[in-house]
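Participant: Structure in structure tokens, see below.
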Amino acid sequence: MPISIGKMAVVLASTLIVGATPPTDLASAADIRGQVAEMLADMKPDQGFAWRPLLRDGSRVVAIEIWKKPGRPAVHPAETEYAVVLEGAGTLISGGALVAPVTRRADLVEGDRIEGGATRPLRPGDVLLLPSGVPHAFGITGDRLVLLGTKLSVK
């Protein structure tokens, strides 16, 4: 029996809260839909990105990301990122080398572009894994790309 996007998101969100016995929180499919709708309503017309935590367990955070414009290519030196595409369409560019890297924070290095990376389409239901240190960027092929993402510290 196929799993719906909402059920997949709840399973991913609850599964990624590793080490918590029992899980400290749960976001239902309705909670996720409500948060996305609220974030979209709060976004300003020229705003290209919004991020809001959904669940927290210490340093682990499950968050909704809404991309309306492509972001700058980035690397997270000490965090692995998992994400599920909830809605919209886009592309993932990953791998290769970050050109003109600038450290913005200890957990974020941004660059001008990625050279030698692979480009793949993203659609609802897709799951992605970005190991720490891997350059990546998201492109938008529709009006938005909505992700349920988790960053886990590898230190």
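Participant: Cut-off under 13 Å on the C-alpha distance; same-chain residues fewer than 8 positions from residue 151 excluded. Which aspartates and glutamates are left, in chain and number order?
Facilitator: Candidates past the 8-residue exclusion: 57, 65, 79, 81, 107.
Participant: On to the next question. Tally Lys and Arg at +1 and Asp and Glu at -1 over the other residues with C-beta under 11 Å from the C-beta of residue 48: what net charge comes out?
Facilitator: +4
Participant: Straight-line reach from residue 69: which aspartates and glutamates fall under 12 Å, measuring Cα to Cα and dropping same-chain residues less than 8 apart?
Facilitator: Partners within reach: 46, 143.
Participant: Going by average Cβ neighbours within 10 Å, how do the peptides 127-138, 78-89 rank, with the highest at the top?
Facilitator: Top of the packing list down: 78-89, 127-138.
Participant: Evaluate the distance, in nm, between pseudo-label points positioned 7 Å from the Cα of residue 72 and of residue 153 along their respective Cα→Cβ axes.
Facilitator: With each label point 7 Å from Cα toward Cβ, the separation is 2.4 nm.
Participant: For the pair residue 59/residue 129, report the inter-label distance in nm, with labels modelled 7 Å from Cα in the Cβ direction.
Facilitator: A separation of 2.0 nm, rounded to one decimal place.
Participant: Between residue 117 and residues 5 or more places away or on another chain, which pairs have amide H atoms under 5 Å apart, with H built 1.01 Å from N, and which residues are they?
Facilitator: For residue 117, whose amide H was placed from the backbone, the distant partners under 5 Å are 97.
Participant: About its Cα centre, how strong a charge dipole does the stretch 5-153 have in debye, to the nearest 20, once Lys and Arg get +1 and Asp and Glu get -1 at the Cβ?
Facilitator: 100
A short reminder: the numbers here are calculations on the coordinates, not readings from a lab. No experiment lies behind these values; they were computed from the predicted model shown. We place every Cβ from the backbone using ideal geometry, glycine too, and count neighbours over all the protein chains shown.
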